[in-house]
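Participant: The structure under discussion is supplied below as structure tokens; questions concerning it will follow.
The values are calculated or read from the model by the stated rules, or taken from the named source; none is laboratory data. Given the structure is predicted, the values throughout are model-derived calculations rather than measurements. When we count neighbours, we look across all protein chains shown, and the Cβ atoms used for this are built from the backbone with ideal geometry, even at glycine. Note: areas computed on protein heavy atoms with side chains; ligands, DNA, RNA excluded. Shrake-Rupley method; radii C 1.70, N 1.55, O 1.52, S 1.80 Å.
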Amino acid sequence: MWVTGLYEESHGIVGNKMWDPEFKASFSMSNIETRWWDGGEPIWITAALQGKKSGVYFWPGSEVTIKNITATSTKPYNSSIPFAERAEQVIQWLKQDYDLVMTYYHEPDKTGHSYGPDSKEVEQAVKMVDQNLGMLIERLKEEKLLSKVDMLVVSDHGMAKVIYDKEHVLDLSEHDVLKDIERVVEEGVIFSFYPKPGRKKAVLAKLRAINFNMTVYRKEDIPEHFHYKKNRRVPPIVILPDEGYLVYQIFNATWMKGVKGEHGYSNDLVSMNPIFFARGPNFKRQFEMPRFETVNIYPMVCQILGLTPAPNNGSVGAIVEMFTSGGLRPRAWSILWLIGTLLLLLVL
């Protein structure tokens, strides 16, 4: 959300998989057709439209042409590229006077899914990412860039422990509901679908009669604080399991045993909270910011870069406490996204 400053219902990317009833087509994250992505204006497009140079090293949608423009430089996603190599490209872009630089690290998200958030493997993955961040900082020092940048490290979600057994996974094939479903869009942490014509009330009643840790919503009844219902790509019925529970069409023990962590549960849960760290001329030292929404980061970046933001759901005023007494001073800026973690580098 921080990339556009928009909630999911506003920018339209409401899931990793989607069905658009107007396009009559399905979507996955590898799809780079503009029509799926043009519901919002990513920060690199805002920068490009206003004469700033931007480099994006892995971010969904970064290769897409929006408003007839793209970032100055992009890299197609390839998880096999070492983190150190990604960091070195960041340095080179900074040396070439790029204003906005972004990169993404897929750890510890990948390890969290495989071993669970409290595992020793995740602890090691966090240490590995930390070491790579340390190496990046050393390279910034070597290039005399560290004192000239503002840096943010932000994750895009948390992680919850899951157990794939009959107690924690609802197998809908064991209930008389699948025959009423025309199209399943997503399953697992969120189960969303289109019922067959005339079967909406019947399937809702059947689902609500099942004794399982979940809430079954009609689209129009989804709570406002999820910012999820006001988009045509959200299906008519959405099931949201409680933390640690999942809903599938069919329980597949063989496949599921390889997953021990998930995200996408209610944004009320502490386990779903992302992290946020910042340093640099625009930020106070040793300051702990109260919890805030990540949609506020987009307008903050725009102000630091001296950009006019596109319409968004965020507010710089909501996070002004973290800034130095002089307030946000416009600077050229670079952004690096690690781990689903975002590292923002603002060049003086």
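Participant: Check ILE66 against each of (1) free of Cβ contacts under 8 Å to residues at least 40 places away in the same chain; (2) open to solvent by 10 Å² or more (accessible area, probe 1.4 Å) and name the one condition it does not meet.
Facilitator: Failing condition for ILE66: (2).
Participant: Filter the stretch 268-307 for residues that are among the β-branched types (Val, Ile, Thr) and either part of a loop (DSSP other than H, G, I, E, B) or loosely packed, with under 15 Cβ neighbours inside 10 Å (or both) and give the result.
Facilitator: If the condition is that a residue be among the β-branched types (Val, Ile, Thr) and either part of a loop (DSSP other than H, G, I, E, B) or loosely packed, with under 15 Cβ neighbours inside 10 Å (or both), then VAL270, ILE275 are the ones that fit.
Participant: Does GLY198 count as on the phi > 0 side of the Ramachandran plot and open to solvent by less than 30 Å² (accessible area, probe 1.4 Å)?
Facilitator: no
Participant: For the list (1) surrounded by fewer than 20 Cβ atoms within 10 Å (Cβ to Cβ); (2) part of a helix (DSSP H, G or I), I need the number of the one condition that ALA125 fails.
Facilitator: Only one criterion in (1) surrounded by fewer than 20 Cβ atoms within 10 Å (Cβ to Cβ); (2) part of a helix (DSSP H, G or I) is unmet by ALA125, namely (1).
Participant: Which is within 24 Å of TYR298 (Cβ to Cβ), loosely packed, with under 13 Cβ neighbours inside 10 Å and touching a residue at least 60 places away in the same chain (Cβ under 8 Å), of ASP109, ASP97?
Facilitator: ASP97 is the lone residue from the list that is within 24 Å of TYR298 (Cβ to Cβ), loosely packed, with under 13 Cβ neighbours inside 10 Å and touching a residue at least 60 places away in the same chain (Cβ under 8 Å).
Participant: Then there's this: Out of the stretch 58-74, which residues are at pLDDT 90 or above and on the phi < 0 side of the Ramachandran plot?
Facilitator: Answer for the stretch 58-74, where residues must be at pLDDT 90 or above and on the phi < 0 side of the Ramachandran plot: SER62, GLU63, VAL64, THR65, ILE66, ILE69, THR70, ALA71, THR72, SER73, THR74.
Participant: Out of the strands (runs of 3 or more DSSP E) lying entirely within the stretch 133-219, which hold 3 or more residues that are more than 27 Å from ASN252 (Cβ to Cβ), free of Cβ contacts under 8 Å to residues at least 40 places away in the same chain and out of contact with any Leu (no Cβ under 9 Å at 6 or more places or on another chain)?
Facilitator: Those strands (runs of 3 or more DSSP E) do not exist here; none qualify.
Participant: Assess whether GLY188 counts as being surrounded by 15 or more Cβ atoms within 10 Å (Cβ to Cβ), among the small types (Gly, Ala, Ser) and touching a Lys or Arg at 6+ places or on another chain (Cβ under 9 Å).
Facilitator: no
Participant: Name the residue that is least open to solvent (accessible area, probe 1.4 Å), counting only residues in the stretch 5-54 that are in contact with a strand residue (DSSP E or B) (Cβ under 7 Å, 6 or more places away or on another chain) and among the polar types (S, T, N, Q).
Facilitator: Restricting to residues being in contact with a strand residue (DSSP E or B) (Cβ under 7 Å, 6 or more places away or on another chain) and among the polar types (S, T, N, Q), the top hit is SER54.
Participant: Which residues, taken from the stretch 237-255, are more than 23 Å from the chain's Cα centre (by Cα) and surrounded by 15 or more Cβ atoms within 10 Å (Cβ to Cβ)?
Facilitator: GLN249, PHE251
Participant: If TYR265 satisfies all but one of (1) without any contact (Cβ under 8 Å) to a residue 60 or more places away in the chain; (2) open to solvent by less than 20 Å² (accessible area, probe 1.4 Å), what's the number of the condition it fails?
Facilitator: The one condition TYR265 does not meet is (1).
Participant: Going through the stretch 70-94 one residue at a time, which ones are open to solvent by less than 40 Å² (accessible area, probe 1.4 Å) and farther than 23 Å from MET159 by Cα?
Facilitator: Selection gives ALA71, SER73, ILE81, ARG86, ALA87, VAL90, ILE91, TRP93, LEU94.
Participant: Another question about this same structure. I need a count of the residues in the stretch 71-80 that are of a type outside the set (D, E, K, R) and closer than 17 Å to SER30 by Cβ.
Facilitator: Selection size over the stretch 71-80: 6.
Participant: Kindly indicate whether ILE13 is farther than 17 Å from ASN231 by Cβ and of a type in the set (A, V, I, L, M, F, W, C).
Facilitator: Judged against the criteria, ILE13 is not a match.
Participant: If a residue has to be in contact with a strand residue (DSSP E or B) (Cβ under 8 Å, 6 or more places away or on another chain) and either on the phi > 0 side of the Ramachandran plot or at pLDDT 95 or above (or both) to count, how many in the stretch 273-294 make the cut?
Facilitator: Of the residues in the stretch 273-294, 1 are in contact with a strand residue (DSSP E or B) (Cβ under 8 Å, 6 or more places away or on another chain) and either on the phi > 0 side of the Ramachandran plot or at pLDDT 95 or above (or both).
Participant: Here is a list: GLU220, GLU138. Which entry is within 30 Å of GLU88 (Cα to Cα) and open to solvent by 20 Å² or more (accessible area, probe 1.4 Å)?
Facilitator: Of the residues listed, the single one that is within 30 Å of GLU88 (Cα to Cα) and open to solvent by 20 Å² or more (accessible area, probe 1.4 Å) is GLU138.
Participant: Same structure again: How many residues are under 19 Å from the mean Cα position of the chain (by Cα) and either at pLDDT below 95 or of a type outside the set (A, V, I, L, M, F, W, C) (or both) if we restrict to the stretch 175-191?
Facilitator: Adding up the residues that qualify gives 3.
Participant: Also, quick follow-up: For the stretch 316-337, name all the residues that are in contact with a helix residue (DSSP H, G or I) (Cβ under 6 Å, 6 or more places away or on another chain) and either of a type in the set (A, V, I, L, M, F, W, C) or at pLDDT 90 or above (or both).
Facilitator: Correct list: VAL316, ALA318, ILE319, LEU328, TRP333, LEU336.
Participant: Only one of (1) over 23 Å from VAL301 (Cα atoms); (2) open to solvent by 90 Å² or more (accessible area, probe 1.4 Å) is not met by LYS144, so which one is it?
Facilitator: (1)
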